[in-house]
1. Given a Förster distance of 56 angstrom, what is the FRET efficiency for residue 128 paired with residue 349, based on the Cβ-Cβ distance and rounded to 0.05?
2. Just order 329-337, 232-240, 41-49 by mean Cβ neighbour count inside 10 Å, highest at the front, would you?
3. What spacing in nm lies between the two simple spin-label points modelled at residue 360 and residue 137, each 7 Å away from Cα in the Cβ direction?
4. Please state the relative contact order of segment 302-441 as a whole percent: Cα pairs under 8 Å, 6+ residues apart?
5. How would you rank 175-183, 369-377, highest first, on the average number of other Cβ atoms within 10 Å across their residues?
6. Taking the Cα centre of each part, how many Å lie between segment 120-159 and segment 201-277?
7. Would you mind computing, in nm to one decimal, how far apart the modelled labels at residue 174 and residue 423 are, each placed 7 Å from Cα along Cα→Cβ?
8. What length, rounded to one decimal in nm, is gained on full extension from residue 240 through to residue 74, with 0.36 nm per residue of separation minus their alpha-carbon distance?
C-alpha cells in the first residue's frame with residue numbers, strides 16, 4: 001500500500017552515504033506530483049541519488065519535453081551545507097548556457113519544505129558507469145576530452161570554477177555528447193574560498209581535489225579544475241586512480257605515450273607548474289588527435305641499435321646543468337632516491353654521452369636538461385638533436401625562466417615535463433618518478 005506523506009511532516013531525504021541502490025524515505029513520484037505547484041511538472045521515476053538529494057525523471061507539461069527534477073528537503077545535510085550548495089548549483093548552472101553543460105530550466109520552493117530545480121534530461125549515463133562496466137577506451141577518452149575541456153573553458157570564461165570535477169559529474173548521451181553537471185561546489189574566481197568549511201570539514205571528493213583545495217588558508221581558482229581533470233584522464237585511461245607511486249598511463253596497451261606529459265603537468269602539486277588554462281590543456285590533447293605519434297623523417301631506425309638489457313636495473317638519469325652548486329643539490333636529491341646520475345655541464349657533451357650509451361645498449365632512462373647554458377649548448381638545442389638520436393627519449397626541461405614557452409608547454413617541444421628553479425624536493429621527485437615510470441614502455 002502506498003503511504004501518503006503529509007505536507008506538514010515531509011520525509012527526510014537519504015544522507016550522502018546511503019548509496020546502496022535504495023532510495024529510502026524519498027517522496028514517490030506520484031507524491032511529488034501532488035506537491036509541485038499547478039502541475040507544471042510530472043515525475044514518473046526516481047533515476048538517481050546524489051550527495052544533495054534525489055533526481056527524478058519527468059515531463060514539463062507546458063512544453064511536453066523530458067526533464068530531470070532534483071529535490072532536496074530544506075535542512076537536510078545541514079552539517080554539509082547542502083541547502084547552500086543546492087542553491088549555488090541552481091544559480092551557477094542557470095548562468096551557463098553551453099551545449100556541453102546541463103541546462104537548468106527552473107528553480108523553486110515547494111510546500112516550504114523542499115527545494116527543487118528542473119534541468120535538462122540527459123538520455124545516457126555518466127563516466128563513472130562507463131568505466132565501471134568496462135566501456136572506456138583510449139579512443140573514447142580522446143573523443144570525450146575536448147568536449148569536457150570546452151565546457152570548463154566556458155565556465156571559467158564566466159568566472160566560475162566547478163571544484164568537483166569527477167567521472168560521476170560528467171554525463172555522456174547516447175550520441176556521445178558530453179554534459180557536465182553538479183555545480184554544487186562552484187564558486188566565482190573572485191571569492192576567497194578553499195575546499196574546507198568553517199568547521200574544517202572537507203567537502204567534495206578528495207581523490208580529485210588539488211592540494212590547495214584542502215588548505216583552509218589558500219584561495220582556489222580554475223587550476224583546481226585542471227588538476228581534477230588530470231586525475232580523471234588518468235582514471236579514464238587506466239581504470240585506476242593515481243595513488244602512491246603511480247605509473248604513467250602509457251603502461252596500458254593502446255595509450256598514446258604523449259598523454260603522459262599532459263597528465264603529469266595537469267597534476268603538478270604546484271599549480272603554477274600546471275597548465276595555466278583549460279584552453280592550453282585542450283590544445284595539447286588535440287595535438288595528439290591530429291598529429292601522428294612519430295614523424296617519418298629525422299628519426300633513427302631503432303632496430304639498428306643494440307637491444308636493450310631487459311634486466312631490472314637502477315634507473316639511469318643524465319643531467320645537464322652548468323651551475324655546479326645547483327647541479328650538486330639536484331644530484332644529491334636524485335641519488336638519495338636510488339638513481340644513478342651522470343652529470344654534464346654542456347649540451348654537446350650531453351649528446352656525446354647519450355649517443356655512447358645508446359651504442360653500448362645501455363641508454364639512459366631519462367634526461368634533465370637545463371634550458372639556458374650561457375657558455376654552451378642549451379637544453380632546447382640539445383633536445384632537438386637527442387630526439388633525432390632517440391625518438392622515444394624521456395626528458396624534463398629545467399629553468400628559472402617560468403614564462404618561457406618551453407616551460408609552459410613542454411609537451412609541444414617533446415618534453416615529458418618542466419621543472420622550475422629553484423627546486424623543491426617534493427615537486428622534483430613527483431615529476432621524476434612519474435617520468436621514470438614511463439621508461440618501462442621502452
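1. Numbers: r = 51 Å, r/R0 = 0.90.
It comes out at approximately 0.65.
2. Working: 329-337: 15.9, 232-240: 21.0, 41-49: 17.6.
Going from most to least packed, we get 232-240, 41-49, 329-337.
3. 4.4
4. Values: 211 pairs, mean separation 29.7, N = 140.
For segment 302-441, the relative contact order is 21 percent.
5. On the way: 175-183: 19.8, 369-377: 18.1.
Result, highest mean first: 175-183, 369-377.
6. 16
7. Output for this residue pair reads 5.6 nm.
8. Details: separation 166, 0.36 × 166 = 59.76 nm, distance 3.63 nm.
Full extension from residue 240 to residue 74 adds 56.1 nm.
Bear in mind these aren't lab numbers, they're just calculated from the coordinates by the rules spelled out. In this text, all values refer to a predicted model and were calculated from it rather than measured experimentally. So basically every Cβ, Gly included, is an ideal-geometry build from the backbone, and we count neighbours across all protein chains shown.
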